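Written below as structure tokens is the structure these notes are about.
The values are calculated or read from the model by the stated rules, or taken from the named source; none is laboratory data. All figures in this text were calculated on a predicted structure; none of them were measured in a lab. Cβ sites come from the backbone with ideal geometry, for glycine too, and all protein chains shown count toward neighbours.
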Amino acid sequence: MPKSSVRKKKVYTPPADVRPMATAAAKRPSPVWLPISAVALILGGIAWLVVYYLSATAYPVASWGYWNLAVGFGAMVASLILLSRWR
């Protein structure tokens, strides 16, 4: 039985008016303060939690109680939000 011929597929190129344009704002690098403040927030949040646990919930702010955990984890979440904007 003879073999059928193999057709070559055309390479798809989208029309010029549909292609996403790279804007000038998207190409700008991040400001220098962004990664520095993100790392500072991560380290600050970890330090807050470590001090809270090692002091048997007496420090950093004893009257806050378990809200100290929210402060520590909140600082780390804020750093993740900042790092999501880093280019």
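Below is a table of values for the structure above.
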item	result
Selection from the stretch 28-39 of residues that are closer than 13 Å to S79 by Cβ, touching a residue at least 24 places away in the same chain (Cβ under 8 Å) and not polar (S, T, N, Q)	L34, P35, A38, V39
Residue within the stretch 36-55 that is part of a loop (DSSP other than H, G, I, E, B), modelled with pLDDT under 95 and exposed (fewer than 10 other Cβ atoms within 10 Å of the Cβ) present	no
Hey, A75 at pLDDT below 90 and not in a loop (DSSP other than H, G, I, E, B) or not	no
Condition check for R19: exposed (fewer than 14 other Cβ atoms within 10 Å of the Cβ) and modelled with pLDDT of 85 or more	no
Complete set of residues in the stretch 48-87 that are within 26 Å of P35 (Cα to Cα), more than 20 Å from the chain's Cα centre (by Cα) and without any contact (Cβ under 8 Å) to a residue 24 or more places away in the chain	V50, V51, Y52, P60, N68, L69
